Amino acid sequence: MKNNKEPNEEKTMFISLRAIDEYLETNIVKPIETATARGFVSWGKNNDFPDYLLDLRENVSTLRALEDGLRDYIAGDGVEVWYPQFQDQVNQSGQTLEDIMGYIAEDIAVYGGFALNILRNRVGGVAEIYYLPFFNIRVSEDLQTVYYAQDWGKSFGRVKYMEYPAFNPSDSTQYSSIFYYKNSHGLSVYPQPVYSSALLSCETEKLINHFHLNSINNNFNGSYIINFNSGKPNQTQKEEIEDHFYDKYTGPENASRPVLCFNDSKDNETTITKIDSEDYGERYKTLSERTKQELFTAFRAVPNLFGIMTETTGFSEQEFSESFKLFNRTMVRPIQKSISRCFDKILGKDWGRIKPFTINFGEEE
């Protein structure tokens, strides 16, 4: 019987290629809230949404600048304290109310909420106030119990946490309680960061930075095909040649270094073929500018208010002042008022005030 197959047809390999990584599903953490058997509501699928926000803070420079700037604007020019007991310090650690306000402002900028440990004296008055990192806080569904742990990254059965009642201004018998604040309302028990609508933009900027870093470290890979025409070495020899080549000719410290080839003849010369590729650097530059703009939109701000200069010129002092007034009115003041109302509940309405942040273009003292 005649064999109609080509000579190498039986050895054909069927290769399945997959170039798209489902990045959105595998790397981006969503603020999923799930009640647990131990009473607290997990924040994120693996109770790791705060970790994700911290990762973005560490890896997205634009976001870091915006968070730090918003923190400074919220904290204002300090705190004017009228509450006699707390004019010097608010706890035995020596912290002032202005110190506490700075911590609160940063947690609001990063997470959208804050937490304070309130200690009462024997007659029911507020004796001390301690700041608690919001990163370490979880709550029950009814918000009546607050949980504090140093590390929520372990499995639920191994997490060591402490339970506190939520602060109740009417209950003077609460010796130690936690005042819990979140900026969002509705069914969720956890807050939403100011930039929640721009999380994809944060991821985009982070990945662009990773792309440029990898382009520097692997600047020769994927850009050229180098053919060695003097025979086919075995696998060990191939790996040795590859390792020596990468060590000598790739990486930032070897930029523009010439490649020397020693050949038996013209027929066996080494050939180097450049792979034409799109200018991703230029494309990503445009994309980077777009993601930055989306972040500033989420914060309702313009770059100049955060010390980030733009390519445009002509941004006068008057325009700067007008931009600040708008940002202060729409973003900063509402947050400051919310914080003030929280301290009204803790200390009473005559506790003090946050001094407004002002811009003075004159010479500083």
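So what is the accessible area of the range 34-137 per residue, in Å², with the probe set to 1.4 Å? Don't skip to the end; give the middle numbers.
Working: 4060 Å² over 104 residues.
It amounts to 39 Å² per residue over the range 34-137.
By what distance, in whole Å, do the Cα atoms of the range 20-114 stretch along each of the three principal axes, largest value first?
Cα extents, longest axis first: 60, 38, 18 Å.
Percent antiparallel among DSSP beta bridges with both residues in the range 99-195, to the nearest 5?
Close to 95 percent.
For the cross-link pairs Lys30/Lys292; Lys206/Lys248; Lys182/Lys292, which exceed 23 Å when the distance is taken from alpha carbon to alpha carbon? Each step should come with its number before you reach the end.
On the way: Lys30/Lys292 21 Å; Lys206/Lys248 29 Å; Lys182/Lys292 26 Å.
In this structure, Lys206/Lys248; Lys182/Lys292 lie more than 23 Å apart at Cα.
In the range 64-153, what percent of the accessible surface is made up of carbon and sulfur (1.4 Å probe, ligands and nucleic acids excluded)?
Values: 1520 of 3630 Å².
Roughly 42 percent of what the probe reaches on the range 64-153 is carbon or sulfur.
Kindly state, to the nearest 0.05, the FRET efficiency for Phe245 paired with Glu269, given R0 = 22 Å and r defined as their beta-carbon distance.
It comes out at approximately 0.85.
At a threshold of 8 angstrom on Cα-Cα distance, excluding pairs fewer than six apart, so keeping six or more, what relative contact order does the range 53-193 reach in percent?
Numbers: 226 pairs, mean separation 29.1, N = 141.
The normalised contact order for the range 53-193 reaches 21 percent.
Between Ser172 and Gln89, what's the calculated FRET efficiency when r is the beta-carbon distance and R0 is 22 Å? Round to 0.05.
Calculated transfer efficiency: 0.45.
Using the Karplus curve 6.51 cos²θ - 1.76 cosθ + 1.60 with θ = phi - 60°, work out ³J(HN,Hα) for each residue of the range 69-78 in order, rounded to whole Hz, and write x for Gly and Pro.
For the range 69-78, the Karplus-derived couplings read x, 4, 4, 5, 5, 5, 5, x, 9, x Hz, x marking Gly and Pro.
What's the FRET efficiency of Asp48 with Ile308 using the Cβ-Cβ distance as r and R₀ = 35 Å, to the nearest 0.05?
Details: r = 30 Å, r/R0 = 0.85.
With R0 = 35 Å, the Cβ-Cβ based efficiency is 0.70.
Counting only protein chains, not ligands or nucleic acids, how are Tyr190, Tyr175, Tyr131 ordered by accessible area (probe 1.4 Å), most first?
So the residues, ranked largest to smallest area, are Tyr175, Tyr131, Tyr190.
Restricting attention to the range 101-173, which trypsin sites (Lys or Arg not before Pro) occupy a DSSP loop and are surrounded by at most 13 other Cβ atoms within 10 Å?
Arg122, Lys154, Arg158, Lys160
The values are calculated or read from the model by the stated rules, or taken from the named source; none is laboratory data. Since the model is a prediction, treat every value here as computed from it, not as a measurement. In this analysis, Cβ positions are derived from the backbone assuming ideal geometry, glycine residues included, and neighbour counts consider all displayed protein chains. Just so you know, the surface numbers come from the protein's heavy atoms only, side chains and all, with ligands and any DNA or RNA stripped out. Shrake-Rupley method; radii C 1.70, N 1.55, O 1.52, S 1.80 Å.
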